[in-house]
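None of the figures in this text is laboratory data; all of them are computed from the coordinates on show. Since the structure is predicted, the reported quantities are computational estimates derived from the model, not experimental observations. Counting neighbours? That spans all protein chains shown, and the Cβs are built from the backbone with ideal geometry, glycine included.
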């Protein structure tokens, strides 16, 4: 890679994409080289030639094809889109793929603490709440949390999804035991909360020794 990491953003006109573009522009060791989005009349193919890393915040029905296109062009990709099957990416070589269901540091810690608590409670349920434009349900964060808890519990962890205007990204894991409950909750109150994790992934994706890697906890 060059001294400054050249970053292109797929889904650049969306809420998350716009926030990522701003964060990259304000970061000294990165350079925003392209914005791909149908609303901007630009495609991923337009921005790939000048990029070291593509950050993808698009849609579940386009994220896989975008990632395949990046890897085959030798461009690393950081994916924040959820709700798609990553298995086809395991057969690809040429560049690295990093996927995170949630880029907020607090959300990663919430998942870690939930996995630890699952060792001490028999039952738990997850409630995840997001803005009404989120396309997938349950969220990738909730599904990831449940998968981390499952080895310690006797059954799958039920997930309840809420989609309402006014929300950003919120999740609570409620554990029930003998005359006690434990609630672990994380709230993202704005999209800036995801930016430290996104920028960390951009810096680290090129150094991964395996691909794809799922989960920001692997970079902390």
- Message: How tilted is helix 105-117 with respect to the longest principal axis of the chain? Cα atoms for both, answer in degrees (0 to 90, nearest 10).
- Response: 30
- Query: Could you give the angle, 0 to 90 degrees to the nearest 10, between helix 195-204's Cα long axis and the longest principal axis of the Cα atoms of the chain?
  - Reply: 60
- Query: Per residue of the chain, what 222 nm ellipticity follows from adding -39500 (n - 2.57) for every DSSP H run with n ≥ 4, rounded to the nearest 500?
  - Reply: -8000 deg cm²/dmol
- Query: What angle, in degrees between 0 and 90 and rounded to the nearest 10, separates the Cα long axis of helix 60-72 from the longest principal axis of the Cα atoms of the chain?
  - Reply: 50
- Percent antiparallel among DSSP beta bridges confined to the range 105-189, nearest 5, equals 75
- State, as an integer percentage, the relative contact order of the range 37-130 based on alpha-carbon contacts under 8 Å between residues 6 or more apart. 21
- Listing 209, 27 by rising number of other beta-carbon atoms within 10 angstrom, fewest first, gives 209, 27
- Item | Angstrom value of the Kirkwood radius, inverse mean 1/r, which spans all Cα pairs in the chain | 17.9
- Message: Can you classify the range 172-214 as rounded, prolate or oblate using the Cα gyration tensor, where a ≥ b ≥ c are the square roots of its eigenvalues, rounded means a/c under 1.5, and otherwise it's prolate if a/b beats b/c and oblate if not?
- Response: oblate
- Message: Whole angstrom only: what separates the Cα centroid of the range 10-30 from the Cα centroid of the range 39-62?
- Response: 12
- Item | Among beta bridges that DSSP assigns inside the chain, antiparallel share in %, nearest 5 | 45
- Message: Based only on other Cβ atoms within 10 Å, what is the fewest-to-most ordering of 186, 120, 218?
- Response: 120, 218, 186
- Take every Cα pair under 8 Å in the chain that's 6+ residues apart, average their separations, divide by the length, and report that relative contact order as a whole percent. 19
- Task: Please tell me the relative contact order of the range 105-189 in percent, rounded to the nearest whole number, where contacts are Cα pairs under 8 Å and at least six residues apart.
- Result: 39
- Query: When 134, 123 are ordered from fewest to most other Cβ atoms inside 10 Å of their Cβ, what list results?
  - Reply: 123, 134
- Query: Could you state the principal axis extents of the C-alpha atoms in the range 105-189, from the largest down, to the nearest angstrom?
  - Reply: 36, 24, 20
